[in-house]
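Below: the structure, in structure tokens.
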Amino acid sequence: MSSGARPSRGADGDWSRRRFVGALAGAAAITAVPACAAPRADPAGATPLPKAPGAGPSAAASPSGPSPSPSASAPPSPAPRSGPRPLFLGTYTSGDGGGKGIGVATYDPVTGEITGGGVVAGVENPSFLAVHPDGRTLYAVDEQDAGAVTAVRLPENEVLGSRSTGGAGPCHLSVHPGGRWLLSANYASGSVAVHPVGASGALGERTDLVTHTSPAPGPGQQGPHAHQFVTAPDGGHLLAVDLGTDTVYTYRLDEGRGTLAEVSRARTRPGAGPRHLTFHPGGRYAYLADEVDDTVTVCGYDPATGRLTVGEAQSTGAGGGTNYPAQLVVTPNGSYAFLANRGHNSLTRYAIEADGARLRLLDTVPVGGDFPRHIALSPDGRLLFAANQRSGTVTVFEVDQESGGLRRTGEPFASPLAVCALPL
């Protein structure tokens, strides 16, 4: 591994395939593993967030069946919030029929109905979004050759400025729980970056850049492809998921200087292509979506060392064929997990058992759109949003808090090249 180096551009072909595969093409198994013992820039191009009226009831469709045996220690979910809530939508602006920037909308937290409200312009290819822990700043990747990250002040939706990520094709970002550092992953160049977050929410110049130079790329890969960079629930370790090297890297962050130090690596099966890691609320287990070999994996996690232990692969329920699973989300009460299947155009439901150590496949539910690139739960866990890239839509499901059943709330919401949905 090297720190501060300019990343290699050898994987641009793979990046193009990943970025446009959706747009161009479309224009009961159990696995368990044991847990291991800056100043503000001038705003520009913003559209204010509208105050949407209360949404009415909508038709329900596509219910899924009941499912027993949730995680025994799961806490209850909070009650739904009243009044319209903000919803931000990521898109590609450079693709055919693409968006004009970050989509701005609201949703009814009871019915799930979405009301459009314009865009935040001036951000190129904002394909992934995250919000600061204080809720006052939105962050977006600029997924292009000269990768960048952009800060947007809320609720005014004012662009505070952008900073270079030092790499190509950034596809994921997250905010460290302390709120002082932004973490991003450059897919095309296989690197992860750190930026300081100022008191206003604006970003400072990058403080570190680490390029994944080993191990060697997995079967069919031309180089490293960092796909996610996130903080573990313990807050002391950062995990970077790299699809190209079939590896999850664990780092410690120097919270004074914003620099990274690697502490461990976890290897998946060769050719698995790990894409996205999601933690159980208990903090001792995590679930890995493997894009290339169409599997999911339960991983044990040791908060003391940051070490991840990769378990055995299990089915996505997609039934064979090209699928490209995208990511998993876990309900706030830790009882159920949902997986987005892009090829199968479905959501797989899993019951979470043994305090997070086991996933039990229940069924798959049609997503009601084409190529679900990203899914997200509302903060209370009562609604699930699916951003469908090829169909340019966002579908919303009610989540049954007892059974984990999914029920469509109404007609999909149109959003050009929808690749990310962020409900607040």
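Quick notes on this structure:
- Taking Lys and Arg as +1 and Asp and Glu as -1, the other residues whose beta-carbon sits under 12 Å from that of Gly369 total +2.
- The packing ranking, built from the mean of other Cβ atoms within 10 Å per residue, places the peptides 403-409, 130-136, 92-98 in the order 403-409, 92-98, 130-136, highest first.
- Sorting the segments 199-210, 290-301, 355-366 by their mean number of nearby beta carbons within 10 angstrom, highest to lowest, gives 290-301, 355-366, 199-210.
- Rounded to the nearest 0.05, the FRET efficiency derived from the C-beta distance between Ala414 and Ala146 at R0 = 30 Å is 0.50.
- Segment Arg267-Arg252, extension gain: residue separation times 0.36 nm, minus the distance between their alpha carbons: 3.6 nm
- Prolate/oblate/rounded label for region 326-424 (Cα gyration tensor, a/c 1.5): prolate
- Net charge, Trp181 excluded, C-beta distance under 15 Å - Lys, Arg +1, Asp, Glu -1: 0
- Under Karplus coefficients 6.51, -1.76 and 1.60, residue-wise ³J(HN,Hα) of region 329-344 in Hz, glycine/proline x: 10, 10, 5, x, 7, x, 9, 9, 10, 10, 10, 8, 10, 6, x, 7
- Net lengthening on full extension, Thr213/Thr259 (0.36 nm per residue, minus Cα-Cα): 14.8 nm
- Computed E for Ala354/Arg180 - FRET, C-beta separation, R0 25 angstrom, nearest 0.05: 0.10
- Spin-label pair Ser200/Asp370, simplified geometry with 7 Å Cα→Cβ offset, distance in nm: 4.3
- Cα shape, region 93-187, gyration tensor, a/c 1.5 rule: oblate
- In this calculation the C-beta distance from Ser315 to Gln222 is compared with R0 = 22 Å, giving a FRET efficiency of 0.20.
- For region 131-244, alpha-carbon Rg and Dmax in angstrom: 14.0, 46
- Put simply, the convex hull of the Cα atoms in region 234-341 casts, on average, a shadow of 7.0 nm².
Readers should treat all values here as calculations from the given coordinates under stated rules, not as data from a laboratory. Fair warning: this is a prediction, and the values are worked out from it, not measured in the lab. All Cβ positions, even for glycine, are placed from backbone atoms using ideal geometry, and neighbour counts span all protein chains on display.
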